[in-house]
Structures are given as structure tokens and as C-alpha cells.
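Below is one structure, written out as C-alpha cells, with a few remarks after it.
The values are calculated or read from the model by the stated rules, or taken from the named source; none is laboratory data. Note that the structure is a prediction, hence the values are computed from the model and not measured. Here Cβ is always computed from backbone atoms with ideal geometry, including for glycine, and neighbour counts include all displayed protein chains. Ligands, DNA and RNA are stripped out before the accessible areas are found, and what is left, the full protein with its side chains, is counted by its heavy atoms. Shrake-Rupley method; radii C 1.70, N 1.55, O 1.52, S 1.80 Å.
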Amino acid sequence: METANTSQLLTELQSQGLRLADASAGAPSRRGGAGPSDHKAVTVDGRTIMVPVHSAGAMASAYEVSAPGADGKATLKRNAIPIKEISFPKQPRFYKMQTFDGIPYWKIATLHGADVLATTVLQTCVRYGRRATSCQFCAIGESLAGGRTINRKTPEQLGEVARAAMLLDGIKHMVMTTGTPNFTDRGAEILCESAFGVKAATVAHAGFASGLPIQAQCEPPDDARWYQRMKNAGVDTLGMHIEAVTQSVRERIMPGKATVDIEQYLTAFDDAVQVFGRGQVSTYILYGLGDTREAVLEMSAKLIALGVYPFVVPFVPIQGTPLQDQRSPNPVEMRELLEPLGKMLVAGGLKSADIKAGCGKCGACSSLSAYEKA
């Protein structure tokens with residue numbers, strides 16, 4: 001059962017990271033790539049979260065975990081003192097499979113948290129690779145360069161893997177993100193094709209009459225009609241990530257992405273909520289890039305009023321990126337932000353449990369949902 005002490009522990013683990021006695025424990029962790037990288041899934045008091053294990057901060061963490069026993073359980077220690085028994089989600093069975101042309105399923109989509117399938121449909125981005133335009137926290141090209149994924153996942157491949165993951169491993173929903181391919185639809189078209197492929201392959205499987213629930217993630221497209229097109233293709237929820245809430249911080253950290261400014265995002269959120277509904281549009285906010293607590297809460301109030309779920313996550317530096325040496329926010333800083341934000345979400349009628357699919361519903365990358373209390 002999750003308690004106030006559990007909420008605090010989750011926040012501390014995600015801020016400080018975790019040292020592993022056995023790096024091979026549980027499902028494999030990823031180094032580099034899009035989305036949360038350098039993390040490993042761990043289960044604490046029945047809740048699975050993603051915890052940094054490969055970052056510099058994790059190497060110096062007060063938390064360490066023993067090698068798991070045959071039952072998958074391990075002892076979590078703080079400053080060498082045992083404090084709790086935790087476990088690791090097992091490697092999914094679909095990881096052992098491959099497509100007819102020999103591509104391992106894990107190169108197409110991966111397990112995230114306990115029951116979420118995640119994929120980067122297009123592993124390249126028009127902004128990546130040039131300091132003048134790239135996001136300084138992003139490592140989307142690293143997993144591709146390391147041969148840990150393929151560049152373009154076809155709708156057929158995604159559907160095949162999604163169906164197997166549902167049937168073999170009990171996957172409940174799917175996250176599709178993409179590198180930005182152009183400056184017009186900004187990935188919406190690729191996501192439409194991909195969502196359609198997954199829905200066609202998973203409809204009426206594993207208890208989902210309409211197919212596997214999907215969250216698509218991209219920058220705001222230049223034409224608001226893309227929102228309805230994505231929904232028609234099978235996208236259930238939409239994520240458009242501002243990352244930082246202060247325009248000056250955005251221009252410093254993500255100079256290319258910041259050309260789509262905050263006001264354009266707010267307009268896009270309003271348009272998208274009209275299609276997907278309140279609570280079914282979300283945005284990622286990485287706390288620790290330079291925004292103040294007050295600025296994040298002020299922006300969150302605007303987002304909640306629009307019907308957008310602000311998924312606030314502690315920034316974790318990824319090795320090999322320009323921000324690899326920037327510190328993560330400490331647990332006290334995170335609690336001082338997440339506690340009032342959790343109350344704001346409840347007051348605004350937006351809760352993670354009501355989201356159909358995606359990062360907010362999963363909640364593995366932030367302890368935010370633990371603070372959603374009346």
C-alpha cells in the first residue's frame with residue numbers, strides 16, 4: 001500500500017538514483033535514446049517507477065539495492081542500512097521474438113514501467129546533431145548509432161510487436177513518440193500511420209475491443225486539423241511537450257524547439273483538448289532546467305484550466321549530452337513542487353487515473369500521481 005513515506009521514497013529515488021549490485025537485474029535498462037534513458041524499472045510497494053541507474057548522480061546515490069533472489073525480490077538500502085524490500089519487473093517474453101526479416105522486437109518497441117509499450121517511431125530529428133538547434137538534454141541518435149534500435153518503425157512492425165506484447169506480457173497501453181521530421185506536420189502524419197497499424201493489429205485482442213490504447217507525442221503541427229486526423233487514426237491521448245515553461249530557458253536549452261513558443265503551445269493545447277477532451281492532452285515539464293518552482297506552478301495552473309495534464313518530471317542528465325553534468329533537483333525541491341501541484345490537479349478535476357494512455361497514466365517517470373490527494 002502506498003503511503004506518505006512511500007511517496008517520499010519514490011521522490012528521493014527518482015532524484016538521487018540507485019546503485020545496483022547486479023546491473024542485469026530485471027528488464028534491461030537503456031543507455032541513450034529518446035525519452036527516459038539511463039533508467040531501470042523497479043517496483044516499490046506495488047508501484048513501478050523508472051529510477052536513474054547510469055547517471056553520475058546515481059553512482060553517488062545513498063541508495064543501493066542488492067542482487068535479487070530467485071523470487072525477483074531485493075533489499076533496498078540507504079547508507080548501507082536495509083529499509084525495504086523491492087522487486088524488478090521481469091524481462092518481457094516478447095523481447096525473445098523477431099520479425100520475419102530478422103529484426104528483434106526489442107529494437108522496435110520496449111517495455112516501460114510494468115505494463116506500457118514504448119517506441120520512437122522515427123529515431124531521427126531535424127533539430128538533432130546541430131548545437132544551434134538541438135535540445136541539449138536529448139540523446140535520440142545515440143541508441144540508433146549504437147545499433148540498439150532501427151530508424152523507422154513501420155506500421156506493420158509496430159502492430160506485430162504490440163499484439164505480441166499484449167498477448168504475452170499483458171501490456172495495457174502504448175506510447176508513441178517521434179523525432180521531428182519536418183517543420184509542418186512535425187510528425188503527426190507518421191503518428192497517424194503508426195497508430196492505425198497498431199489499432200488494426202490489436203483490435204478485439206486481450207480484452208480491448210477498440211485495440212490497444214495509444215498516446216502519440218509530437219510537437220504542435222502547423223495545422224490544427226491534424227488533431228482530428230490523429231484521433232481518427234486511433235490515437236487516444238496526445239502529448240505535446242514544452243519541457244521548460246520559461247521562454248528564456250527554452251531558448252537556452254532547446255534553441256530549435258523554442259522557435260515554437262509558449263503562446264503557440266497554449267493555442268495548440270486548446271485546439272487539441274477540443275478534440276481529445278479534458279485530461280487526454282498532456283505535456284512533459286522537466287524540472288531542473290532553470291525554471292523556478294513558482295513559474296512551473298503558474299504555468300501548470302494555466303494548463304489545468306485548459307484541460308491539459310502537466311506531467312512534471314525531475315530532470316535527469318544523460319551521459320553524452322551537453323547537460324550531462326547538470327545536477328538533478330533534490331528530493332526536497334521536488335516535494336515542494338509536486339505537493340501543491342497534486343492538489344491543483346485534484347481541484348481541477350485532472351487525475352492520472354483518468355488518462356486513457358501515455359506518460360501521465362503510467363506515472364513511472366515521476367512521483368506526481370502519489371501527490372494527487374484531495
How many Å² of accessible area per residue for the stretch 247-292, probe 1.4 Å?
-> 37 Å²
Estimated vicinal HN-Hα couplings, Hz - the stretch 326-342 in sequence order (Karplus 6.51, -1.76, 1.60; Gly, Pro = x) | 6, 6, 7, x, 7, x, 5, 4, 5, 5, 5, 8, 6, 4, x, 5, x
Per the 1.4 Å probe, what fraction of the accessible area of the stretch 231-296, in percent, lies on carbon and sulfur atoms?
-> 47 percent
Report ³J(HN,Hα) in whole Hz for each residue of the stretch 45-60, in order, from the Karplus equation J = 6.51 cos²θ - 1.76 cosθ + 1.60 where θ = phi - 60°; Gly and Pro get x.
-> 6, x, 10, 9, 10, 9, 10, x, 10, 10, 6, 4, x, 5, 5, 9
Based on Cβ point charges of +1 for Lys and Arg and -1 for Asp and Glu, what charge dipole magnitude is obtained for the stretch 119-188 about its Cα centre, in debye rounded to the nearest 20?
-> 260 debye
Given a 1.4 Å probe and the protein chains all in place, what does the accessible area of LEU20 round to, in Å² to the nearest 10?
-> 50 Å²
For the stretch 354-360, in order, what is each residue's ³J(HN,Hα) by Karplus, 6.51 cos²θ - 1.76 cosθ + 1.60 with θ = phi - 60°, in whole Hz (x at glycine and Pro)?
-> 8, 6, 6, 6, x, 4, x
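Given a cut-off of under 8 Å on Cα pairs at least six residues apart, what relative contact order in percent is computed for the chain?
Working: 819 pairs, mean separation 59.6, N = 374.
Relative contact order comes out at 16 percent.
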With each label point set 7 Å from Cα along the Cα-Cβ vector, what nm distance links LYS302 and ASP45?
-> 3.5 nm
Under the Cβ-under-4.7 Å rule, which cysteines of the chain stay unpaired?
-> CYS125, CYS192, CYS218, CYS359, CYS362, CYS365
Residue-normalised 222 nm signal for the chain, counting each DSSP H run of n ≥ 4 as -39,500 (n - 2.57), nearest 500 deg cm²/dmol, is -9500 deg cm²/dmol
With every protein chain present, what is the per residue accessible area of the stretch 191-238 (1.4 Å probe, Å²)?
-> 38 Å²
Residues with amide H under 5 Å from that of HIS39, placed H, sequence gap 5 or more | ARG30, VAL53
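So how strong a dipole does the chain carry about its Cα centre when Lys and Arg Cβ are +1 and Asp and Glu Cβ are -1, to the nearest 20 debye? Walk me through the numbers on the way to the answer.
Values: 39 positive and 36 negative charges, 136 e Å.
Magnitude of the dipole: close to 660 debye.
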